[in-house]
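Scroll down for the structure; my scribbles are underneath it.
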Amino acid sequence: MPFFIQNKKYFLIGSVVLVAILFYFFKQSSTEHTTPLEPIEQLSTTSNEQVLSKTSESTTQTSIQTTIAVDVKGAVKNPGVYTVNAEDRVYDAIIAAGGYKNNADSKTINHAAHVQDEMVIYVPKRGEEIETPTVAITSQSTEPQSSTTAVNINTADEAGLQTINGIGPAKAKTIIQYRTENGPFQSIDDLKKVSGFGDKTVERLRPLVTVQ
C-alpha cells in the first residue's frame, strides 16, 4: 500500500494545523498594523463644538470692538449715557437720547461728526451763551485733571480767565467784578452766583477751573 494512503490521516491533521498556524500569524499581523478609528459620531460632535466655540469668540470680540459709550446732555428729551456703534454719528446719539427738546439750539452741533468712546455731547438751549462751538461736543478723559491744568478763578486776570473754554471777555469781567465785590470764591459752585452762569455752564467748567 502506498505510503501516502497509509498515512493519510496524519497528512490531513498536519494540513489543518498548518492552516491554523498561518491564519493565526496573519490575524496578529493585521491587528498590529491597524490604527483604531475614532467613531464618526464623535468626530462630528468635536468638529461642531470647535466651530461653535470659534464663532462665539469671534462674535463676542466683534461686539466688544464695535460698541462705545457716549454721554448726551443738555436740551435733549432723555439725557444719559448711551451705548452706540463706533460707526455712528452724533446725530444717531441724539436720536438715542430721544431727540431735541423744543428749546434746543442745534446750530452748534456737528451732526455728521463720528462719535468717540467717552464723548460728551452737550446740546445748549436757545439763548444760552457758548463762546465756541467746540464746547458743545467734548471728549472726557477717565483720568482726573491735575490742578496745574485748571485755571484758578480767584487769582486769574481777565486774559487768564479767557483761556478757559466757554469764558469770553464779558464773562471774565463778571467773574472779576463778583470777586472784587464779594471776595474770593469758596467753591466752584459759587460761580452759580455770578450773572450768566447757570447749573449747566458750571458743570461744563468744573474740570477746567479751581479755587485753590
Matching residues, the stretch 74-123, being of a type in the set (Phe, Trp, Tyr) and either farther than 17 Å from residue 204 by Cβ or surrounded by fewer than 17 Cβ atoms within 10 Å (Cβ to Cβ) (or both):
82, 91, 100
With the checklist (1) over 20 Å from the mean Cα position of the chain (by Cα); (2) of a type in the set (D, E, K, R); (3) not in a loop (DSSP other than H, G, I, E, B) in hand, flag the one item residue 128 doesn't pass.
(3)
Among 171, 200, which is the only one that is surrounded by fewer than 19 Cβ atoms within 10 Å (Cβ to Cβ), in contact with a Phe, Trp or Tyr (Cβ under 9 Å, 6 or more places away or on another chain) and part of a helix (DSSP H, G or I)?
200
The one condition in (1) at pLDDT below 70; (2) touching a strand residue (DSSP E or B) at 6+ places or on another chain (Cβ under 7 Å) that residue 56 fails to fulfil:
(2)
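Looking at the stretch 185-195, which of its residues are more than 36 Å from the chain's Cα centre (by Cα) and exposed (fewer than 13 other Cβ atoms within 10 Å of the Cβ)?
Kept after step one, since they are more than 36 Å from the chain's Cα centre (by Cα), are these residues of the stretch 185-195: 185-186, 190, 193-195.
If the condition is that a residue be more than 36 Å from the chain's Cα centre (by Cα) and exposed (fewer than 13 other Cβ atoms within 10 Å of the Cβ), then 186, 193, 195 are the ones that fit.
The values are calculated or read from the model by the stated rules, or taken from the named source; none is laboratory data. This is a predicted model, so every value here is computed, not measured. A quick note on method: Cβ atoms are made from the backbone with ideal geometry, for glycine too, and the neighbour counts reach across all protein chains shown.
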